[in-house]
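The values are calculated or read from the model by the stated rules, or taken from the named source; none is laboratory data. Computed from a predicted structure; not experimentally measured. Cβ: placed from backbone, ideal geometry, glycine included. Neighbour counts: every protein chain shown.
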Amino acid sequence: MANEQHLELIKKGTEGWNEWRDQNPDEPVDLSGADLRGLKISKINLKGANLKEAKLQFANLSGAILEGANMERAKLQEANLQSAQMANAIVKNCNFMESNLQNADLENADLQSSQFNEDVLFADANLKGANLTDASGLSVPQIQSAKVDANTKLPEYLNDDMEDEDFLNTMI
């Protein structure tokens, strides 16, 4: 359950939150299960935060620092995560339907069993080393528009399509 102080602070916006974070860098952030739908919190520092099961639909998290955050089972439909820093984040079982992940850094992120659809934007997203095992709704063009490497784990249903030699050459 979310820490009430953290919930009040984040609802006041990015500037106040980031100032508080600068003053309290070692305090664990707990926003688990929080209802943050529609918040405009671009460039917010949520590094290492517990956002498990948070409701982030329609939120503007562009440029947010979410490195190492636990966002397991978060609801991210139509969220703007453009240029978000999500390296090493746990985003398993998340709903990303119609979200914007353009230029997001998801290097080594755990995206297992997350849900996507054809409207998710992946242009220039960094998926190097990301684990997309058992993710649903992804297409070859989406993966081709992102940055992947030999350590990126794709869903089984994409493996056959990705074995095309021309595609593999673009991965490196």
Residue in region 8-28 that is at pLDDT 95 or above and touching an Asp or Glu at 6+ places or on another chain (Cβ under 8 Å) present: no
Any pair with Cβ under 7 angstrom, 6 or more apart, that starts in region 9-21 at a residue that is more than 12 Å from Ser42 (Cα to Cα) and ends at one that is of a type in the set (S, T, N, Q): Arg21/Asn45
Qualifying residue in region 138-148 (condition: β-branched (Val, Ile, Thr), loosely packed, with under 15 Cβ neighbours inside 10 Å and not in a loop (DSSP other than H, G, I, E, B)): yes
Test result for Ile65, at pLDDT 95 or above, closer than 25 Å to Asp110 by Cα and touching a helix residue (DSSP H, G or I) at 6+ places or on another chain (Cβ under 7 Å): no
Subset of region 1-34 [more than 19 Å from Glu72 (Cβ to Cβ) and assigned to a loop (DSSP other than H, G, I, E, B)]: Lys12, Gly13, Asn24, Pro25, Asp26, Glu27
Test for Ser145: is it in contact with a Phe, Trp or Tyr (Cβ under 8 Å, 6 or more places away or on another chain), at pLDDT 95 or above and farther than 27 Å from Ser42 by Cβ: no
Checklist (1) closer than 17 Å to Ala2 by Cα; (2) buried (at least 19 other Cβ atoms within 10 Å of the Cβ); (3) of a type in the set (D, E, K, R) applied to Arg37, failing item: (2)
Extreme residue, surrounded by the fewest Cβ atoms within 10 Å (Cβ to Cβ), among residues of region 70-124 that are among the β-branched types (Val, Ile, Thr) and in a loop (DSSP other than H, G, I, E, B): Val120
Single residue of Asn24, Asn3, Asn18 found to be touching a Pro at 6+ places or on another chain (Cβ under 9 Å), of a type in the set (S, T, N, Q) and more than 29 Å from Asp149 (Cβ to Cβ): Asn3
Test: residue in region 75-92 that is touching an Asp or Glu at 6+ places or on another chain (Cβ under 9 Å) and under 18 Å from Leu7 (Cα atoms): yes
Extreme residue, surrounded by the most Cβ atoms within 10 Å (Cβ to Cβ), among residues of region 1-34 that are over 23 Å from Gln82 (Cβ atoms) and hydrophobic (A, V, I, L, M, F, W, C): Ala2
Tally of residues being surrounded by fewer than 22 Cβ atoms within 10 Å (Cβ to Cβ) and in a loop (DSSP other than H, G, I, E, B) across region 125-137: 5
